Amino acid sequence: MLSGKHIIVGITGGIAAYKAAVLVRLLVRRGAEVQVLMTPAAKEFITPLTMATLSKRPILVENFNPENGAWNSHIDLGCWADAMVIAPATANTLAKMACGIGDSLLLTTYLSARCPVAVAPAMDLDMMAHAATCQNLETLAQRGVAIIEAESGELASGLSGKGRMAEPEVIVEALERIIGRPQTLKGKRALVTAGATIEAIDPVRYITNHSTGKMGYAIASELAARGAEVCLVSGPTRLECPQGVRRVDVRSADEMFEACIQEWNGSDIGVMCAAVADYTPEQVSDSKIKKSDDDMCIRLRRTRDIAANLGACKEGRVLVGFALETDNEQSNAVAKLQRKNLDFVVLNSMRDKGACFGGDTNKITIIDATGECPCPLESKADAASRIADRIEQIINNK
Ligand code: C5P
């Protein structure tokens, strides 16, 4: 997949720069043509000789050669590359990328690059957790930069936490994903909801359901891999945010509603995969409700329907809903299609083996105004790909 591809490897000044040697070696071994760009600080961590030898080309640091005035054109480099990866990416370089500062060849090339760009952050845990770094990464992700998440573990400082650069093999896999996929949804913005909501009864108890968010996360990941800018509004889950996806964390149905209404502005696609509570306690007790010998009754009020509200102001956008049914599956799904003004409904039946909560497989039926299309039992990733294909078809026929 990487054979013959032009890849720029940008190296910045962090101790993880030594791993860039392995990264370049792996890329060259896969047949890629690699151009290494280093910041001046990176040369303190790993020598240009090492990187030039491994990449089989002179590395570039400065905009021009002070000896003879030869110009290293960031514009030509930006056009040449099929992908650019900055590994390691320090907090400093990430901040400059987010602000559009171009005070090195590496940064001006990033600003000129027309290809997909990925960053593999590496820094100490406190720098990694700093609000400025988090915000810069979020900004870059929103602009379509793929963030290859740092790992947790022992750091060069002796401290332990999140900040270790992803292993070179992981970075190569990410590049294969980025380069290998046609960016058919580039320029589109998608809103995906996922997971269960949590409706508080008191500070201790709540009402929820069994949804784990796996299907919604698979869809967010698939849309992002096709180049869409994805906002994932997620109920509490244990899942990692997919590569290149911006996640907005919410708890209750009301919080999810507010986040979605805000994000729907400017979105082209909505996929409502969350298992949103239909009812929430009318009153949330400030203190723990004490038990008594009597039975108790909690009065519930209806929550607002997010999909129906987005459907009411759809205006030519694509909106997809989910239906999880135990009885009258088809007729309930068709009713939802109409009531919520959806383009299609993805039906899951609780009767199907392999379509249960938390599993890695699903058996969906896609229902639209023209009829229904039952699909085989497949991985949630394959089901997500099928759903994304349908969305693309609708966009292309509009
Ligand atoms: O009406 P029902 O809850 O069965 O419809 C399910 C679909 O509606 C799903 O796509 C779900 O995400 C969405 N939904 C919603 N807001 C709610 C309830 C359901 O967006 N309050």
* Structure fact -> Taking protein heavy atoms only, a 1.4 Å probe, and rounding to whole percent, the accessible area of the range 1-149 owed to carbon and sulfur comes out at 55
* Work out the charge dipole of the range 6-179 with +1 on the Cβ of Lys and Arg and -1 on the Cβ of Asp and Glu about the Cα centre, then indicate which of A118, A89, A131 is farthest towards its positive end. => A118
* trypsin sites (Lys or Arg not before Pro) restricted to the range 67-171 and DSSP loop, no more than 15 other C-beta within 10 Å -> R114, R143
* To do: Under 1.5 on a/c is rounded, so check that first for the range 6-179, then, if it is not, pick prolate when a/b is larger than b/c and oblate when it is not; a ≥ b ≥ c are the square roots of the alpha carbon gyration tensor eigenvalues.
  => rounded
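What Kirkwood hydrodynamic radius, in Å, does the range 67-128 give when the mean of 1/r is taken over all pairs of distinct Cα atoms and then inverted?
12.5
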* Asked: Once phi is turned into ³J(HN,Hα) by the Karplus curve 6.51 cos²θ - 1.76 cosθ + 1.60 with θ = phi - 60°, what whole-Hz value does each residue of the range 272-278 show in order, with x for glycine and proline?
  -> 9, 9, 5, 8, 7, 4, 7
* Structure fact -> Among A174, A132, A277, the residue with the largest mean-square fluctuation in a Gaussian network model of the chain built from Cα contacts under 10 Å is A132
* Structure fact -> DSSP beta bridges in the range 189-397: the antiparallel percent, rounded to 5, is 40
* Structure fact -> Here the equivalent ellipsoid of the range 1-62, derived from its Cα gyration tensor, has semi-axes (largest first, whole Å) of 19, 11, 9
* Asked: Suppose every K and R has +1 on its Cβ and every D and E has -1 on its Cβ; what is the size of the dipole of the chain about the Cα centre, in Debye to the nearest 20?
  -> 580
* **Relative contact order, percent, the chain [alpha-carbon distance under 8 Å, six or more residues apart]** => 11
* What residue among K43, K288, K314 shows peak mean-square fluctuation when the chain is described by a Gaussian network model with Cα springs under 10 Å? -> K288
* Expressed in nm², what is the orientationally averaged projection area of the convex hull enclosing the Cα positions of the chain? -> 23.6
* Structure fact -> Note on the range 137-282: alpha-carbon gyration tensor, axes a ≥ b ≥ c; rule is a/c under 1.5 for rounded, else prolate if a/b larger than b/c, else oblate; result oblate
* How large is the accessible surface per residue of the range 359-398, computed with a 1.4 Å probe and reported in Å² as a whole number? -> 51
* Structure fact -> Rounded to the nearest 5, the percent of DSSP beta bridges in the chain running antiparallel is 30
* Loop-located trypsin sites (Lys or Arg not before Pro) in the range 319-395 whose Cβ has at most 13 other Cβ within 10 Å (DSSP) -> R351, K353
* To do: Excluding residues fewer than 8 places away in the same chain, name every one of the lysines whose C-alpha is closer than 22 Å to that of K314.
  => K186, K188, K336, K340, K398
* To do: Compute the long axis of helix 329-339 from its Cα atoms, compare it with the longest principal axis of the Cα atoms of the chain, and write down the angle in degrees, 0 to 90, nearest 10.
  => 80
* Given charges at Cβ of Lys, Arg, Asp, Glu: the chain dipole, positive-most of P376, T365, F64 -> F64
* **Point-charge dipole on Cβ atoms (K/R +1, D/E -1) for the range 189-397, about Cα centre, debye to 20** => 120
* Asked: Expressed in whole Å with the largest first, what are the equivalent ellipsoid semi-axes of the range 189-397 derived from the C-alpha gyration tensor as the square root of 5 times each eigenvalue?
  -> 29, 19, 17
* **Probe 1.4 Å, protein heavy atoms only - accessible area per residue of the range 160-237 in square angstrom** => 37
* Asked: Given a cut-off of under 8 Å on Cα pairs at least six residues apart, what relative contact order in percent is computed for the range 6-179?
  -> 23
* Structure fact -> In the range 228-296 the accessible area split gives carbon plus sulfur, as whole percent at 1.4 Å, a share of 40
* Asked: Given springs between every Cα pair under 10 Å in a Gaussian network model of the chain, which of N328, N265, N362 has the largest fluctuation?
  -> N328
* Using unit Cβ charges (K, R positive; D, E negative) and no other charged atoms, how large, in debye to the nearest 20, is the dipole of the range 6-179 about its Cα centre? -> 300
* trypsin sites (Lys or Arg not before Pro), restricted to the range 227-286: which are DSSP loop and have at most 11 other Cβ atoms within 10 Å? -> R238
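The values are calculated or read from the model by the stated rules, or taken from the named source; none is laboratory data. None of these values were measured; they are calculated from a predicted model. Cβ coordinates were reconstructed from backbone atoms using ideal geometry, including for glycine residues, and neighbour counts include every protein chain displayed. Surface areas here come from the heavy atoms of the whole protein model, side chains and all, with no ligands, DNA or RNA. Shrake-Rupley method; radii C 1.70, N 1.55, O 1.52, S 1.80 Å.
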